[in-house]
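Chemist: Quick one: the structure is below, questions incoming.
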Amino acid sequence: MIADKGTSAKATKTVVEAGRPLIEIQGVRKSYVTQEKTVKALAEVNLDIHAGEFMSFVGPSGCGKSTLLNIVAGLLDASEGTVLVGGEHLTKPRRDMGFMFQAPVLLPWRSVERNVMMPAEVFGLPQEEIRPKARRILTTVGLGDFLDALPSELSGGMQQRASLARVLTYEPRVLLMDEPFGALDEFTREAMNLELMRIAAETGITILFVTHNISEAVFLSHRVVVMSARPSRVAGVVEVPFEYPRTVDVMHDPQFTDLTFQIRQLLGESV
Amino acid sequence: MTSSTLRRFRHRRAPASSRQQISRAQRWKYRGASLLITAAILGFWELLPRTGLVSEIVLPPLHEVITALGLLLQQSTFYGHLAVTLREIMGGFLAGTIIGLVGGIGLAVWQPVKQVTYPYVVGFQAIPKIVFAPLFIAWFGYGEGSKVVMGIAIAFFPVLINTLVGLESVPTDSVKLMRSLRATSLQIFRKVSFPHALPLIFAGIKQALTYAVIGALVGEFVGASAGLGYLLDSYNYQLRIDYVFALIVVLAAIGAALYFIVEWLDNRLIYWREQ
Ligand SMILES: Nc1ncnc2c1ncn2[C@@H]1O[C@H](COP(=O)(O)OP(=O)(O)OP(=O)(O)O)[C@@H](O)[C@H]1O
Ligand SMILES: [Mg+2]
């Protein structure tokens, strides 16, 4: 899936909005029922996400971003509403969708390479077929010299890169990321963002990306979904028109500042 | 132990950083200090009975114990007793470990069973198991069988509890990751839960080993016709205290040797342990 640079990059430069969306979130509501009380997390969410689109979600803490992402991943049942992926009802996790957490979630007893090959192992694919690809992707994310290292021997940023390599190795069509770089320092985060954008542009993968960082959301996304406080709904969707993939220069564009301001306002109104 | 864990059985040393925290000079200092303490204890052991402050019947001087140990090791009957006790220890240890492992996995995997039986398991643990020793001998006879049962009765529990706790403390994110890959329950168990629980399970196994030694000896004290515990009891009865101490030395050596074997296995198998 990490294809030759030239070919697929062009196709994903602008997202094709024609035709059926890849992911359709229709009237999704979610309430958590505990013994003491019922927490209404998602009031109602309707969204269409197109193939190849990079879509970010921002919103106040506790508004239900993770909840929504888990529902789209098939890890959590919605109380009401449906999610369609490629026109099919989502009832359980799909192997063409990959999930990435805020923590690296590596298995401490497996080497970096064997962690990256774990999904393929679960799918029952032959190891020898996957290994070259795993190595190639690990090299792409800068871990080519750490194939045999244990996770505990890596820094936090390196662990998160291993986690990214793991999800990329099995080539999902959709990548669901819940604050994947939230625990990283500013420099590493920026490097990871650029890497992610390059991969997104090259592969045409569809990405749903939850973050607390507004400029990160604007920088990376085709569209930014702003969610209101709990019980949350979509407060607004902000389009980011910059050419894709981008360089850090866009951050100095006046329009970039405008967009972040627009998102701040939407967030402010929703509180 | 799942085969996949065993297949990856390889030895890795602890990361260099944790190993080198104690400098070489410091290590020699610690060794010197513990040698000094040993020498002091042995010195007192030799001198105290000679001063007459302690009767030789209570504490025979060190050299007599060493002589007794030398004579003991030359008796062919001693090795018969040794073999009996070793078999009892290994029987109680292995069976106790397997029962604890299977029980712990069963309770962790099968929640309804846990809800129903867990109070009984804890209740059983609250009983001082030594009270069963006479019963076990009545039920299973004077031979090795009753000692093995005694060993099982005390050794299985730490393995069971540690297996259960280990399997139940698997990080939710790891399980979520596996679920997002649509892994089967068996795959989650083999690839995530069991290896995660392994360090704790091993801690339980180490405890089971010491317990199995206790089980065998208590059983022999209460009623037996062979074994090191039986031998020790008869020497005690004959007031051959030097032989009693010689046997204590033998038993300590057995305990230490077994412990280090498990410790060694533990360090090999759980190569990823963080300090
Ligand atoms: N398992 C659960 N049981 C009960 N309530 C829950 C559960 N998970 C989440 N909630 C509640 O649902 C709401 C939304 O949680 P969620 O984790 O989706 O928020 P979030 O937007 O991801 O927050 P953050 O930005 O802090 O990660 C929260 O108010 C939380 O209290
Ligand atoms: Mg969250």
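Chemist: Among residues other than B:Gly229 whose Cβ falls under 11 Å from its Cβ, what is the net charge (Lys/Arg +1, Asp/Glu -1)?
Modeler: -2
Chemist: Within chain B, which complete DSSP H helices have Cα atoms spanning at least 24 Å along the helix axis and a mean Kyte-Doolittle hydropathy of -1.0 or higher? Each step should come with its number before you reach the end.
Modeler: Values: long enough: B:24-51 (40 Å, 0.05); B:76-109 (50 Å, 1.29); B:144-168 (36 Å, 1.36); B:194-222 (40 Å, 1.32); B:241-269 (42 Å, 1.59).
Length and hydropathy pass: B:24-51, B:76-109, B:144-168, B:194-222, B:241-269.
Chemist: To continue, here is another question. Would you calculate a helix-derived [θ] at 222 nm for chain A, using -39,500 (n - 2.57) for each DSSP H run of n ≥ 4 and dividing by the full residue count, to the nearest 500?
Modeler: On the way: 9 runs with 97 residues, N = 271.
Value at 222 nm, helices only, nearest 500: -11000 deg cm²/dmol.
Chemist: Also, I was wondering about something else. Which value in nm describes the separation of the simple spin-label points at A:Met251 and A:Arg198, placed 7 Å from the Cα toward the beta carbon?
Modeler: 1.7
Chemist: What is the calculated FRET efficiency for B:Ala39 to B:Leu86, with r their C-beta to C-beta distance and R₀ = 22 Å, to the nearest 0.05? The partial results should precede the final answer.
Modeler: Working: r = 31 Å, r/R0 = 1.40.
Efficiency, rounded to the nearest 0.05: 0.10.
Chemist: Ok, one more. Roughly how far apart, in whole Å, are the Cα centres of the stretch B:52-112 and the stretch A:203-271?
Modeler: Result: 69 Å between the Cα centres.
Chemist: Filter the cross-link list A:Lys40/A:Lys92; A:Lys40/B:Lys191; A:Lys65/B:Lys191 down to pairs whose alpha-carbon distance in this structure exceeds 24 Å. Don't skip to the end; give the middle numbers.
Modeler: On the way: A:Lys40/A:Lys92 22 Å; A:Lys40/B:Lys191 35 Å; A:Lys65/B:Lys191 29 Å.
Long pairs (Cα-Cα over 24 Å): A:Lys40/B:Lys191; A:Lys65/B:Lys191.
Chemist: A further question on this structure: Would you mind checking which residues have amide H under 5 Å from A:Met100's amide H? H placed 1.01 Å from N; only 5 or more apart, or other chain.
Modeler: So A:Met100 has HN proximity to A:Leu176, A:Met177, A:Asp178.
Chemist: Where is the GNM fluctuation largest for chain A (alpha-carbon springs, 10 angstrom cutoff): A:Ser66, A:Ser155, A:Ser111?
Modeler: Sorting by GNM fluctuation, first place goes to A:Ser155.
Chemist: Output ³J(HN,Hα) for the stretch A:125-137: one whole-Hz value per residue in order, computed from phi by the Karplus curve 6.51 cos²θ - 1.76 cosθ + 1.60 with θ = phi - 60°, and x for Gly and Pro.
Modeler: 7, x, 4, 5, 6, 7, 3, x, 5, 4, 5, 4, 5
Chemist: Further, regarding this structure: Could you give the angle, 0 to 90 degrees to the nearest 10, between helix A:254-270's Cα long axis and the longest principal axis of the Cα atoms of chain A?
Modeler: 60
Chemist: In the neighborhood of A:Val28, defined by Cβ-to-Cβ distances under 9 Å, what is the net charge if each Lys or Arg adds +1 and each Asp or Glu adds -1? Display every interim value, and only then the final one.
Modeler: Values: positive: A:Arg29, A:Lys30; negative: A:Glu44, A:Glu80.
Here the charged neighbours net out to 0.
Rule-based calculations on the coordinates, nothing more; no lab input. Only a predicted model underlies this, so the values are computations on that prediction, with no experimental measurement involved. So basically every Cβ, Gly included, is an ideal-geometry build from the backbone, and we count neighbours across all protein chains shown.
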